[in-house]
Each structure stands twice: as structure tokens, then as C-alpha cells.
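Notes follow once the structure below has been shown.
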Amino acid sequence: MILVTGATGNIGSALLAQLHAHDVGPLRALTRDAAQAVFPEGVEAVEGDFAEPASLKPALDGVRSLFLLSRLGPDAGVLEVARQAGVEHVVLVSSITVQTHPRLGPAGENLAVERLLKASGMAWTILRPTQFASNTLMWAASIRGHETVRAPYADIALPTIHPADIASVARVALTEPGHQGHTYALTGPEPVSARQQVEAVAAALGREVPFAEVSRQEAYAGMVAVFGAEAADAVLDVTGGDVNDELLMVRDTVAQVTGAPGRPFGQWASENADAFR
Ligand SMILES: NC(=O)c1ccc[n+]([C@@H]2O[C@H](COP(=O)([O-])OP(=O)(O)OC[C@H]3O[C@@H](n4cnc5c(N)ncnc54)[C@H](OP(=O)(O)O)[C@@H]3O)[C@@H](O)[C@H]2O)c1
């Protein structure tokens, strides 16, 4: 039995679809609200909340392989409940910032979760993705409203990853031998800037989408109330304010693990155009 957490999210929904298509055996999907969730036929929906690790016990019953998003609750408690349930292998979504920006608070928290998992006694595979193509959805309301998209660091191009590529690596790690004890830094196949992302969405929509670069100060002012000061600064650093060679590097890990090239940003924009209409 495989349990997919974050099953209604960007990675988890793609992972469930891929596991289902590959007919890998019994699948279970975690959500906090099963009445709202739609999963592939035959997938067992289970409720649980990372905030209350004990609430995950029914979902973990009989599970041997666990796909886990980090930092959505007390990770030590979540891992301990998984270990007690008899989980043998955990595929963990961490973040590339562990190696690109170890000085940042969120990166330190991800590294701490990786260490907890390695010390847990369960087998592990750690995925460290770079920024997701789906982050572009933060502009969806503006684009739907025919407003100007405003973003800082307009021309800094990062190798944004399609969440389905993270899912593909997770599927292989969960179902094929040879991936336990590995840490995979994951990027998309090409660098893409904020300006180019908006151009790709515009092309998918078949109309112009106005774009304006804003200062870090202006972007920060819009983010701090939502994320808090530390997280807002961290996001601004890793999306352009403090780039380094590790962050800019295009990696072929997706292709190496899955045998298929990474999906370009334009593909994500085409697949998700309706969210911007
Ligand atoms: N975005 C990036 O650029 C980036 C980069 C590196 C790493 N990451 C990591 O990627 C993960 C996000 O992945 P994603 O984009 O696929 O997710 P997402 O689309 O943001 O969806 C979040 C998922 O997590 C579930 N969830 C949230 N809080 C929960 C809780 N308290 N208990 C149980 N489930 C909960 C939600 O399920 P329900 O609402 O159905 O309960 C939903 O399926 C995070 O761990 C983040 O740190 C993101």
C-alpha cells in the first residue's frame, strides 16, 4: 500500500494519476476533507491532518511506502507515527534551498526534516525541487481580471520545474528499486524568467498579458502581511534577490531517474491555461 500525502495538491494529484496509470497496486490518498477531493477511481480517500500526527494513524494502517510533503505539521511527530505504523520507505519532498540557501530559515527547517527522516530507521529518498511552475498561479487572479502582472526580478531566469516531473521522480522512487538512500536535486529543463512565464501564459491564452517589473520593496510590501517578514525575504532571495550558480543550474536528474526529459514551462502553461481565463 502506498499513501500519497498532499494528494489534492500540485505534486500529489499528478503522482496519484501516474501511480494509477501504472497500476502499481493499492493506493491511498490523504486529504483533510475527503468530501471535497476527487481522486482516480479505485483510490481510497482518507482524512488526516499533519497538525495532529495521531490523526494520521488510520491513513497509515498497512502502508509500506509513503510520499510525504514536509513542513505541513510537526514533522518529528509525523515521522514517528509513520515508523510506528510500519512504513518502510518514505519519499520526502524537501527543497533545493537546502543546498542553494542554507542560511535561510525555511532551508534550515527542510534540512532538519531530512535529518529526522535519515535518523528514523525507515528507508528514505529525498527530493529537493527548485521553484515550481505552479507558483505562477499566484498571478491567476490578476490575469483573469485583465490586470497587469507585477513581479520583481523580471529577467532573472531560474530552471522552474513542472510539478508532474517531481511526481514522476517520486513514482519511480516509490515503485522501482535503486532509489533508497538517494537525494535528488530536481530542476526543469531550461531557465525561465518571470517575464517569460507571463509571455508563455499569454501565448497559451492567445492574448496579451501586460507585465511590469516592480522593486523588491514593492514586492515585499505585498507579501509581508501574508507570509511574514522572514518568509517574504526568503522568497524574494530565492526568486532573484540572491541567486547563485547552484540555484541557476539546470540539472538532468528528472531525465536520469525517469528516462523522460523534464517538461518545459510552456507545457505547464498550456495545460493550465484555464486557470488564467
Ligand atoms: N512551491 C515551490 O516552489 C516549492 C519549492 C520547493 C518545495 N516545495 C514544497 O512543496 C510542498 C507543496 O507541494 P504542492 O505544491 O504539491 O502542494 P499544494 O498544491 O500547495 O497543496 C498542498 C497540499 O498539502 C495538503 N495539506 C496542507 N496542509 C495539510 C495538513 N495540515 N494536513 C494534511 N494535508 C495538508 C493539502 O491537502 P488538503 O487541502 O486536501 O488537506 C494539499 O494537498 C511543500 O512541502 C513545499 O514546502 C515547494
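The values are calculated or read from the model by the stated rules, or taken from the named source; none is laboratory data. Computed from a predicted model, the values in this text were never measured in an experiment. Note: ideal-geometry Cβ built from the backbone for every residue, glycine included; neighbour counts use all protein chains shown. What goes into the accessible areas is simple: the full protein's heavy atoms, side chains included, and nothing from ligands, DNA or RNA. Shrake-Rupley method; radii C 1.70, N 1.55, O 1.52, S 1.80 Å.
Averaged across orientations, what area in nm² does the convex hull of the alpha carbons in region 91-205 project? Show your work: numbers first, answer last.
On the way: hull surface 34.3 nm².
Computing the convex hull of the Cα atoms and averaging its projections yields 8.6 nm².
Around residue 133, under 12 Å between beta carbons, what's the net of Lys plus Arg minus Asp minus Glu among the other residues? Show your work: numbers first, answer last.
On the way: positive: 263; negative: 165, 190, 271.
Local net charge: -2.
Going by accessible area, probe 1.4 Å, with all protein chains left in place, what is the ranking of 139, 124, largest first? Mind dumping the intermediate values first?
Details: 139 25, 124 50 Å².
Solvent-accessible surface, decreasing: 124, 139.
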Relative contact order (percent, whole number), region 137-277, Cα cutoff 8 Å, 6+ residue spacing: 41
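If Lys and Arg each add +1 and Asp and Glu each add -1, what is the summed charge of the other residues whose beta carbon sits under 15 Å from the beta carbon of residue 96? If you can, show how the numbers build up before the last one.
Numbers: positive: 71, 103, 128, 251; negative: 109, 114, 165, 237, 242, 245, 246, 252.
Net charge around residue 96: -4.
Between residue 99 and residue 203, what FRET efficiency follows from the Cβ-Cβ distance if R0 is 51 Å, with the result rounded to 0.05? Don't jump to the answer; show the numbers that get you there.
Details: r = 33 Å, r/R0 = 0.64.
Taking R0 as 51 Å, the efficiency between residue 99 and residue 203 is 0.95.
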Farthest positive-ward along the chain dipole, Cα basis, beta-carbon charges - from 76, 106, 217: 76
Two-site label geometry, residue 20 and residue 229: point separation in nm, points 7 Å out along Cα→Cβ: 4.6
Candidate residues 61, 165, 49: accessible-area rank, largest first, probe 1.4 Å: 61, 49, 165
Per-residue [θ]222 nm for the chain (sum of -39500 (n - 2.57) over DSSP H runs n ≥ 4, rounded to 500): -11000 deg cm²/dmol
Rg/Rg_globular for region 1-150, with Rg_globular taken as 2.2 N^0.38 Å and Rg from C-alpha atoms: 1.11
Long-range amide H partners of residue 186 with built H, under 5 Å: 128, 130
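Let me have the relative contact order for region 16-175, percent, based on Cα pairs under 8 Å that are six or more residues apart. Before the final figure, lay out each step's value.
Numbers: 216 pairs, mean separation 29.5, N = 160.
The value is 18 percent.
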Gaussian network model of the chain, Cα within-10 Å springs - most flexible of 152, 129, 58: 58
Cα centroid of region 202-277 to Cα centroid of region 107-135, whole Å: 20
Relative contact order (%) - criterion: Cα under 8 Å, at least six apart; region: region 1-67: 37
C-alpha center-to-center spacing [region 163-197, region 1-52] in angstrom: 19
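DSSP loop (so not H, G, I, E, B), at most 16 other Cβ within 10 Å: list which GluC sites (Glu not before Pro) in region 24-72 pass both filters. Numbers along the way, then the final one.
On the way: sites: 41, 44, 47; in loops: 41.
Sites meeting the loop and neighbour criteria: 41.
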Surface accessible to a 1.4 Å probe, residue 274 within the full protein complex, Å²: 120
